[in-house]
Amino acid sequence: MKKEQIIIFDTTLRDGEQSPGASMNTKEKIQIATQLERLGVDVIEAGFAAASPGDFDAINKIAQVVKNSTVCSLARALENDIIQAAKAIEPAPKKRIHTFIATSPIHMEYKLKMTPKQVIKKAVEAVTLAKSFVEDVEFSCEDAGRSDIGFLKEISDAVIEAGAGTINLPDTVGIRMPSEIKDMINQMHAHIGNRAIISVHNHNDLGLAVANSLAAIEGGARQVECTINGLGERAGNAALEEIVMALKVRSDYYSNVETKINTKEIYPASRLIASITGIEPQPNKAIVGRNAFAHESGIHQDGVLKNKQTYEIFSPEEIGLNKDDTLVLGKHSGRAAFKDKLEKLGFQLSDEELNSAFIKFKELADKKKDIYDDDLRALITSNITSVKKAYEIVALQLMDSTGGVPSAAVTIKTPDGQEITDAGIGDGTIDAVFKTIDRITGHHGELKDYKVKSVSQGKDALASVTVQVAFNEDEPAVIGHGLSIDTMLASARAYLGALNSYLSMKGMLKKINSKVII
Ligand code: KIV
Ligand code: ZN
């Protein structure tokens, strides 16, 4: 029997980026998109083009590099959103516009202040306009989970007639139970037949997003929208890795469907996203959590030693977690081995970036004997995916704070090449460093989150610092990464990295480059 394909629509770069503190810069998004393509996702929702010039730019760059997956932009059912989406995805060989409007009574009455008839009209206009730019148009009934099924059928008929090829029925607030989702999809499938593909997009507010997505597949959905590590608005979206592995491991149960995902790229994708966003999956997270293959009890360990299948339902290698492969390069490793390793970890670097990464790697190898996969991920995320021609830390000196006032002297190279030194005090050493950076750069950041962790193992382990800083109270916080054997230096780099990302997203670095800073 020929299996039907489940279309994997990844929205890590759009809904995933809506996770508090997960905003990424363009270079980081390109790295993730490239890894998603290696993973074999069918559709990459690269962002929401009309949201900001930074979003537009990232989608447009992704559309230039991704060749095999369809590149998609979200757009509200508004003319300008659709035009921006069409322009942003224009370079992609395979492209899709995903437009949406809310269809639940509560959203239509209070949020949109529109009647159901007006909503249908808007939806049809949006799909018609999108269809004038691209062949592949998806329409979402936002809050379908709380919408009237009769209205869902009516609006679906209208947008299919206007050219939508995919009808997405999101459980936007994550309220539905699996049997309810299956029933809704069953009814919609019976009504729509093969006029359009039915898709689901489940949020995880009750921890049911994956169960609901699998139930939807049983009901006839042939596209699932999901994210790596389950990132997403509020409690997140359905986790891609859980849906894909459930379909694979239980292919006896889901015998009529399959995905095109190369599961060996799941673990590299999960680590890449965790290192870029600084959001680690919980240790007991299914499939990719640190403990997912850890056997603690003696009885379990004994069983696994005798036969792994006693307690492991699939092998870590199936998701690309090769335990023997984690000790990697040292100071004698060559450029080719280094490049090969980075590609295995999911990084696609230009020649120039590779050269610069190799120099940083050699500097690190001089200080640190064994270099592990996580060291390399941290090295690349804190250096190569950071923005270019930006502020850089040149020197950092801390005055001993024992009993005195914590103070720091910082020298920074500005984007136009000047070196500026200043000193300042703070409530603690880190505060002193960050305040001094603020004085030099003329920006004021509010620290929202600060995480320090040691990367890999050993006394010479690197400190990896991830910060979230808001440089404008009306805008989301941005992420910065810093890496060093010295925690304070890593912190300073992370803070400056966040500022650089913020300025680059706002297109402000170019202006700084042409302005004289005193
Ligand atoms: O959750 C939701 O409804 C969405 C739509 C925009 C698809 O993210
Ligand atoms: Zn969503």
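The values are calculated or read from the model by the stated rules, or taken from the named source; none is laboratory data. Model, not experiment: these values are computed from the prediction. All Cβ positions, glycine included, derive from the backbone under ideal geometry; neighbour counts span all protein chains shown. For accessibility, only protein heavy atoms count, side chains too; no ligands or nucleic acids. Shrake-Rupley method; radii C 1.70, N 1.55, O 1.52, S 1.80 Å.
Dipole magnitude for region 392-517: about 340 debye, using +1 per Lys or Arg Cβ and -1 per Asp or Glu Cβ, origin at the Cα centre. Computed over the Cα atoms of region 392-517, the ratio of the radius of gyration to the Kirkwood radius (Rg/Rh) comes to 0.97. By the compact-protein rule of thumb, 2.2 N^0.38 Å, the alpha-carbon radius of gyration of the chain corresponds to a ratio of 1.03.
Count Lys and Arg as plus one, Asp and Glu as minus one, and take only other residues whose Cβ is under 12 Å from that of LEU39; the net charge is then -2. For region 327-384, a/c is less than 1.5, where a ≥ b ≥ c are the root eigenvalues of the C-alpha gyration tensor. That puts it in the rounded class. From the residues VAL66, HIS191, LEU398, which one has its Cα farthest along the dipole of the chain in the positive direction, the dipole being from +1 and -1 charges on Cβ of Lys/Arg and Asp/Glu about the Cα centre? After comparing all options, I get VAL66. Across the chain, Cα pairs under 8 Å and at least six residues apart give a relative contact order of 12 percent. In region 392-517, Cα pairs under 8 Å separated by at least six residues give a relative contact order of 17 percent. Rounded to the nearest 500, the 222 nm mean residue ellipticity of the chain from helices alone is -12000 deg cm²/dmol, with -39,500 (n - 2.57) taken per DSSP H run of at least 4 residues.
About the Cα centre of the chain, how large is the charge dipole given +1 on each Lys and Arg Cβ and -1 on each Asp and Glu Cβ? Please answer in debye to the nearest 20. List each step's numbers first, then the result.
Details: 61 positive and 70 negative charges, 176 e Å.
In debye, rounded to 20, the chain gives about 840.
Using the per-residue mean of other Cβ atoms lying within 10 Å as a proxy for protection, in what order, highest first, do the peptides 36-49, 134-147 fall?
Sorting 36-49, 134-147 by mean packing, highest first, produces 36-49, 134-147.
The lysines within cross-link reach of LYS306, meaning a Cα-to-Cα straight distance under 20 Å and a gap of 8 or more places when in the same chain, are LYS323.
Could you pull out the pairs from LYS29/LYS344; LYS27/LYS331; LYS308/LYS369; LYS367/LYS453; LYS122/LYS153; LYS362/LYS459 whose alpha carbons sit more than 22 Å apart here? Can you show the working numbers first?
Values: LYS29/LYS344 18 Å; LYS27/LYS331 27 Å; LYS308/LYS369 33 Å; LYS367/LYS453 18 Å; LYS122/LYS153 16 Å; LYS362/LYS459 19 Å.
Too far apart for the 22 Å limit: LYS27/LYS331; LYS308/LYS369.
Could you state the angle between the C-alpha long axis of helix 26-39 and the longest principal axis of the C-alpha atoms of the chain, as a value from 0 to 90 degrees rounded to the nearest 10? Here the helix axis deviates by roughly 50 degrees. Straight-line reach from LYS3: taking Cα to Cα under 26 Å and skipping same-chain neighbours fewer than 8 places apart, the lysines in range are LYS67, LYS94, LYS95, LYS182, LYS248, LYS260, LYS264.
For region 327-384, the residue among SER356, GLY346, TYR372 whose Cα projects farthest onto the positive side of the dipole built from Cβ charges is TYR372. For the chain, the longest principal axis of the alpha carbon atoms and the long axis of helix 53-65 meet at an angle near 80°.
Axis angle, to the nearest 10 degrees, between helix 79-89 and the longest C-alpha principal axis of the chain: 60 degrees. If you model region 4-277 as an ellipsoid using its alpha carbon gyration tensor, with each semi-axis the square root of five times an eigenvalue, the axes come out at 25, 23, 17 Å, biggest first.
Arranged from highest to lowest average of other beta-carbon atoms within 10 Å per residue, in what order do the peptides 75-88, 209-222 appear?
Details: 75-88: 20.8, 209-222: 23.9.
Result, highest mean Cβ count within 10 Å first: 209-222, 75-88.
Working from Cα pairs under 8 Å separated by at least six residues, relative contact order for region 2-138 is 19 percent. Between the C-alpha center of region 89-158 and that of region 191-234 there is a gap of 17 Å.
Rounded to a whole number, what % of the accessible area of region 327-384 do carbon and sulfur atoms account for, probe 1.4 Å? Let's see the in-between values first.
Values: 1340 of 2750 Å².
Answer for region 327-384 is 49 percent, counting heavy atoms of protein chains only.
In region 4-277, what percent of the accessible surface is made up of carbon and sulfur (1.4 Å probe, ligands and nucleic acids excluded)? About 53 percent, which is the carbon plus sulfur part of the accessible surface. Taking all protein chains into account, the per residue accessible area for the chain stands at 44 Å² (1.4 Å probe).
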